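As structure tokens, the structure follows; a few thoughts come after it.
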Amino acid sequence: MTEVPSAKSAPANGEALCRVESLSTHFPVNRGPFRKGGVVRAVDRVTLEVHPGETVGLVGESGCGKSTLGRTLLRLIEPTAGKIFFEGRDITKLSASEMRPLRRRMQVIFQDPYASLDPRMSVRDTVAEALEIHGLAKSEKDANDKVASLLEKVGLRPDQMDRYPHEFSGGQRQRVGIARALAVDPRFIVADEPISALDVSIQAQIVNLLKDLQEELGLAYLFIAHDLKVVEYLSHRVAVMYLGRVVETAPSRELYDDPRHPYTRALLSAVPVPDPETRRARIVLQGDVPSPLDPPSGCSFHPRCSIAEKGLCDREAPPLVQLKKRPTQWVACFKAEES
């Protein structure tokens, strides 16, 4: 793989293409007729932004709320509280008809290429459906030409457009999913773990395809993934989630070189490194991730944190604040400046 983009290579700062402010997505839970119901705080007061042409990597353990956050900011899941801005416009309360024109500019690539494609629809119909919905094809021939062009763009042959999903490999199906997302000329794409269901060799091909498409089309990505090395390779900035909240965000190079939140340090210490001299000391977290149905008081990470201060971290939730010595890095930890 080529060198990871540094903070200097990230797109210039300006108005964010997509921005969420204090966004929360909670799901009510029915525990039965004799037990009081609760609320799962899947996303809890998250503030995050993605700029034009930028890739923001979103990482964290399974169940931390990454996919829910991605789908909420596209309004595929309705938020409980907070605001979502796209191209400077608050889209939080827009109706379905008001959202339809915006859907052209904000798309999603799903995790499972086996489940995200309708087995009854050919590739031609799958990709052309969005063209038809948004009135982007003047005729059937125009639609076929556009589908052929999109398939070539993602590395498939135009003569494959009459095939069905079961006739393709996993990597090819994901390419069809990418072509479907590109059909409406979006500016912003949520890539929801688009490589986790693929073989390792195919993962590299899809990641490089996404990178090439970004350079060619000026796309912005929210790239959700578990593989921290892939996120490092692809992302300009990285946001780390824990139990529904963003606990650290920084330019990719800064976060990987000097993580400031203890959870981020534990995650990065588990990343395999070929050179023994550059490996971090392994940090083994104690206990399991708390339930989002009953999160701890104070800082949600304090039960597993080695530097938590009793009487502070277990009582008060630290806000995500800008570090004084490194203004491009934001951390939700009382000890971030001194650790």
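Just to be sure before I move on: is residue 103 touching a helix residue (DSSP H, G or I) at 6+ places or on another chain (Cβ under 7 Å) and closer than 28 Å to residue 214 by Cα in the structure I sent? Taking the combined requirement at face value, the residue does not satisfy it. Considering every residue within the range 253-272, establish whether at least one is within 15 Å of the chain's Cα centre (by Cα) and in contact (Cβ under 8 Å) with a residue 24 or more places away in the chain. Within the range 253-272, not a single residue is within 15 Å of the chain's Cα centre (by Cα) and in contact (Cβ under 8 Å) with a residue 24 or more places away in the chain. Condition test on residue 215, is it charged (D, E, K, R) and either crowded, with 22+ Cβ neighbours inside 10 Å or without any contact (Cβ under 8 Å) to a residue 12 or more places away in the chain (or both)? Judged against the criteria, residue 215 is a match. Total residues in the range 243-267 satisfying the condition of being in a strand (DSSP E or B) and surrounded by fewer than 24 Cβ atoms within 10 Å (Cβ to Cβ): the figure is 1. In the range 79-102, the residues that are free of Cβ contacts under 8 Å to residues at least 40 places away in the same chain form Cβ pairs under 7 Å with partners that are among the charged types (D, E, K, R), at six or more places apart or across chains, as follows: 90/83; 91/75; 92/83; 99/75. Considering only residues that are under 18 Å from residue 189 (Cβ atoms) and assigned to a loop (DSSP other than H, G, I, E, B), which ones fall in the range 86-111? Residues satisfying the conditions are 87, 91, 104, 105, 110, 111.
Scanning the range 139-192 for residues that are assigned to a loop (DSSP other than H, G, I, E, B) and basic (Lys, Arg), we see that the one that is nearest to residue 76 (Cα to Cα) is 187. Look at (1) over 23 Å from residue 272 (Cβ atoms); (2) modelled with pLDDT of 95 or more and you find that residue 183 fails only one, number (2).
The set of residues in the range 182-203 that are in contact (Cβ under 8 Å) with a residue 60 or more places away in the chain and not aliphatic (A, V, I, L, M) comprises 185, 186, 187, 188, 192, 193, 194, 196. Taken across the range 223-231, residues that are crowded, with 22+ Cβ neighbours inside 10 Å, over 30 Å from residue 86 (Cα atoms) and either of a type in the set (A, V, I, L, M) or in contact (Cβ under 8 Å) with a residue 24 or more places away in the chain (or both) do not occur at all.
Checked against the criterion of being modelled with pLDDT under 90 and touching a helix residue (DSSP H, G or I) at 6+ places or on another chain (Cβ under 7 Å), the candidates 269, 291, 306 yield just one match: 306. Restricted to the range 148-181, and to residues there that are aliphatic (A, V, I, L, M) and free of Cβ contacts under 8 Å to residues at least 40 places away in the same chain, the residue that is surrounded by the most Cβ atoms within 10 Å (Cβ to Cβ) is 150. Annotation note: of 228, 222, the sole residue that is under 16 Å from the mean Cα position of the chain (by Cα) and under 19 Å from residue 74 (Cα atoms) is 222. The set of residues in the range 88-130 being closer than 22 Å to residue 160 by Cα, surrounded by 18 or more Cβ atoms within 10 Å (Cβ to Cβ) and within 25 Å of the chain's Cα centre (by Cα) consists of 109, 110, 113, 116, 117, 126, 127, 130.
The values are calculated or read from the model by the stated rules, or taken from the named source; none is laboratory data. From a predicted model like this one, the values you see are computed outputs, not experimental measurements. FYI the Cβ positions are ideal-geometry reconstructions off the backbone, even for glycines, and counts take in every protein chain you see.
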